[in-house]
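What follows is a short report on a single structure.
The values are calculated or read from the model by the stated rules, or taken from the named source; none is laboratory data. Note that the coordinates shown come from a computational prediction; the quantities given were computed from them, not determined experimentally. Because the Cβ atoms are built from the backbone with ideal geometry, glycine has one as well, and the counts that use them run over all protein chains shown. Heads up: the accessible areas ignore ligands, DNA and RNA and are worked out on the full protein's heavy atoms, side chains in. Shrake-Rupley method; radii C 1.70, N 1.55, O 1.52, S 1.80 Å.
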Amino acid sequence: MSESRWNENSDLVGLIKTLTLPALYFTAQKIVTKMKLKYPFVLIHISTVVFILAESSRPPFACDSSHPLTKSYPFCKPTLPINQRVQDLISRLTLDEKISQLVNSAPPIPRLGIPEYEWWSEALHGVAYFPTFHTGMSLNGTIQSATSFPQVILTAASFDVHLWYRIVGREARAIYNAGQATGMTFWAPNINIFRDPRWGRGQETPGEDPVVTGKYAVSFVRGIQGDTFEGGKLGHHLQASACCKHFTAYDLDNWKGVNRFVFNAKVSLQDLADTYMPPFRSCIEEGKASGIMCAYNRVNGVPNCADYNLLSKTARAQWGFNGYITSDCDAVSIIHEEQGYAKLPEDAVADVLKAGMDVNCGNYLKNYTKSAVVKRKLPISEIDRALHNLFSVRMRLGLFDGNPLQQPFGKIGPDQVCSQEHQNLALEAARNSIVLLKNNYRLLPFSKAKTASLAVIGPNANSAKTLLGNYAGPPCKTVTPLQGLQRYVKDITYHPGCNAVNCSYALTDQAVKVAKGAEYVVLVMGLDQTQEREEFDRVDLVLSPKQQNLISIVARAAKNPVVLVLLSGGPVDISFAKYDKHIGSILWAGYPGEAGGLALAEIIFGDHNPGGRLPVTWYPQSFVKVPMTDMRMRPEPSSGYPGRTYRFYQGQKVFEFGYGLSYSNYSYEFLPVAQNTVYLNHPVKSPKAELENSNALKHVPVSEIGTELCSKRIPVTVRAQNHGDMAGRHPLLLFVRSAKAGNGRPEKQLVAFQSVILNAGERADVEFELSPCEHLSTANEDGLMVIEEGSHFLSIEDKESEITVIL
């Protein structure tokens, strides 16, 4: 059959792609009959169609036992070490074949039975599918949706590492096993620090704290790669591959004419050491991530993807990274074309491969690597090095071991995608993460029995798309806030209030009329992806004037104080609502995913006790005076620079990091410890020089203390009690601060957290274990982690406990 004839019958191609194996033979008979009617002169055998159907529904892999040469290839022998197998494979490739594999859409190598491979897939908060891009996951076959968990910034508000471990997980492998993927390397998680509240991609991150972000990275990576929660059981086999991005100091997309492609982030060694780098170190050393993405921007003049010190010396040599490094998409081309760092395209190619990058999202390596070799700018050994990392990951995924369905993760079937277990988990994640910011007059929860009527107003009240945030695939199903509330109250009236979240056209009079006709009002407002997203940073921290005006007018017109629900990724200055007596309760729900509307309704009507806490500081609008391009974390009082994040910021706050209310009241108490003095007997060098500065303390670098002293543990026990009449889950956040402020020390630093469940009236003792070298150290100006002698104060809420360090 000619290609044009086959294209005319593309409906059959589509049908083939949607079939499952049990239906192959029966469907083949139907297809043969249909094709013979349309093309009577074409000889079609049913076995041919069965073969096509079988190939369409199984995952692509190399080393197929039916391939005649498979048994002779050492790279196809799973009993051999991966290094040996990869070396054998690379030795068989021509230079052109080698170069072809250095881009995200790696073509097949038919003579060796190697299929195409797509390195780019997304699973930020659920497996994503982008039909307009050639990514590795497809949701257009028997599987057409995947569980859409809350956007990362909201899930982080749960402060629950066990929850972070369970999201995404097995659905990625299930889609591959169903034959709907050409890759299993997922470019997630995003573990950049949410340094500036205007950043459009802050929603993708776990927030502003490096400890939280690092722990999120470890849990997420272990979960998606198939490791245990505790780690250490992964071995050589990967369920799927996680990629920690964007390495490093990337947190600006497009702000006032400065874009991520040309931005040069000027970062001190001190800030790199204790803010920007720790999450990536955790991701690699503890999470054992098999992928890293280097970022677009430059750091102190050097493009991240061309930084040998960053990629090879730090990630691989110091942290022991074992995996592949990809560029962000077109990040290689901009090194020459936009940054001007490389004079020629071949220089850019040579720079990134020599730095330790392995694969280019884009075609720059495909187009210019051969000429770089010819011009002697690049040795072939660097190409082989990159290929070694790339094929090693593909082999760890089981793609060179024969049919993956017969391998360790081959039993993960399509029933795992959108399973009831995962949909319940999406609901649990939203429930446990939504943050109660205000609850005057104990307005919430509403009574399920006594609430006669409800008005639901706002542009986000019935928008399923807004719930998902960015990097989301088609969800299993969605429940909007309106739909969730309709499960509790029969007499509900809905009005959007505005044409969109920017409220360019507000329908205030109609909204007021609806509000006046109901006993209670829930306003569902905030932002969406038109206001904050990749390549689009905000310039303001407030809601649009017309939206703010609508909220205030409706609140004044309502019979009772109203409930304000905010959907947003970044923080919003809602001071007007915080102090408005007509607004009784405020809930922040981030972008809560497919089940977000139901989770909100359960909280509003008391079927769930909110316990989420803010993973970022909510700044006032005046913060926009601070240039987004200023990467400094620490304040500079002499110039009026206020610093950034709860650790260093010295200005006014709308809401603090870690803030969150509950329907219950909790109390905390540090229990006495047998020993609250830590002795780190180490000779301090040049104490006179160190103490010349009156604000300095005797200190010693962590690197000089030694393993034995650093392995000391400080047990801390906190007694928590629920004084309310509802059971509740809430996180305990344990901070530490130095007795002496200033000199670059954080105001306080989160060192540990646990999520606990307490019944009404119940109390429990929660145990933490601290390491002096990890939890009591700070970064000095040279980027070294040091421990200072003297008092350190642990705190939970308003309670403190002193620990003394003796050097």
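Of 374, 258, the order by accessible heavy-atom surface (1.4 Å probe, DNA, RNA and ligands excluded), from most exposed downward, is 374, 258.
When only the heavy atoms of the protein chains count and the probe is 1.4 Å, how do 661, 543 rank by accessible area, highest first?
Greatest to least solvent exposure: 661, 543.
Can you give me the % of accessible surface on the chain that is carbon or sulfur? Probe 1.4 Å, all protein chains present, nothing else counted.
Details: 16050 of 31570 Å².
Exposed carbon and sulfur together represent 51 percent of the surface.
Calculated accessible area for segment 429-625 comes out at 35 Å² per residue, all protein chains present (probe 1.4 Å; ligands, DNA, RNA ignored). Taking 4 °C and 1.567 mPa s as conditions, the chain diffuses translationally at an estimated 46 µm²/s according to Stokes-Einstein applied to its Kirkwood radius (Cα pairs). Any of 256/653; 559/799; 477/516; 77/98 with alpha carbons more than 28 Å apart? Name them for me. Long pairs (Cα-Cα over 28 Å): 559/799; 477/516. For residue 578, a cut-off of 16 angstrom between C-alpha atoms picks up these aspartates and glutamates, skipping any fewer than 8 places away in its own chain: 656.
Please identify the longest segment of the chain free of exposed chymotrypsin sites (Phe, Trp or Tyr not before Pro), where exposed means a DSSP state other than H, G, I, E or B and no more than 14 other Cβ atoms within 10 Å.
Details: sites that count: 41, 133, 229, 505, 579.
It runs 230-504.
Sequentially through segment 546-557, phi angles give Karplus couplings (6.51, -1.76, 1.60; θ = phi - 60°) of 6, 5, 4, 5, 4, 4, 5, 5, 5, 4, 5, 7 Hz, Gly and Pro residues having no value and appearing as x.
Heavy atoms of the protein chains alone define the surface here; on that basis segment 665-805 has 51 Å² accessible area per residue at 1.4 Å probe size.
Phi angles of segment 199-204 translate, via the Karplus equation with coefficients 6.51, -1.76, 1.60 and θ = phi - 60°, into HN-Hα couplings of 4, x, 9, x, 4, 7 Hz per residue; Gly and Pro are given as x. By the Cβ-Cβ criterion of under 4.7 Å, the unpaired cysteines of the chain are 243.
The trypsin sites (Lys or Arg not before Pro) found in segment 275-350 that occupy coil by DSSP, while having at most 14 further C-beta atoms within 10 Å, are 343.
Please give me, ordered by residue number, the trypsin sites (Lys or Arg not before Pro) of segment 356-436 that lie in loop per DSSP and have at most 15 other Cβ atoms within 10 Å. Write out the running numbers ahead of the final one.
On the way: sites: 366, 370, 375, 376, 377, 385, 394, 396, 411, 431; in loops: 375, 376, 377, 411.
The qualifying sites are 375, 376, 411.
Across segment 296-301, rounded Karplus estimates of 3J(HN,Hα) from the backbone phi angles (6.51 cos²θ - 1.76 cosθ + 1.60, θ = phi - 60°) give 4, 6, 8, 10, 6, x Hz, Gly and Pro being marked x. Highest average first, the peptides 549-559, 146-156, 775-785 ordered by how many other beta carbon atoms sit within 10 Å of their residues are 146-156, 549-559, 775-785. Tell me the accessible surface of residue 105 in square angstrom (1.4 angstrom probe, heavy atoms of protein chains only), to the nearest ten. Residue 105 exposes around 50 Å² with every protein chain in place.
Across 704, 656, the residue with the most accessible area heads the list, and the full order at a 1.4 Å probe is 656, 704. For the chain, the relative contact order is 13 percent, taking Cα pairs closer than 8 Å that sit 6 or more residues apart in sequence and dividing their mean separation by the residue count. Excluding same-chain neighbours fewer than eight residues apart, the aspartates and glutamates reachable from residue 411 by a Cα-Cα span under 14 Å are 171. Filter the trypsin sites (Lys or Arg not before Pro) in segment 142-202 to those in DSSP coil with at most 12 other Cβ atoms within 10 Å of their Cβ, and list the result. Nothing satisfies the criteria. If only the Cβ of Lys and Arg carry +1 and only the Cβ of Asp and Glu carry -1, the dipole of the chain around its Cα centre is close to 1240 debye.
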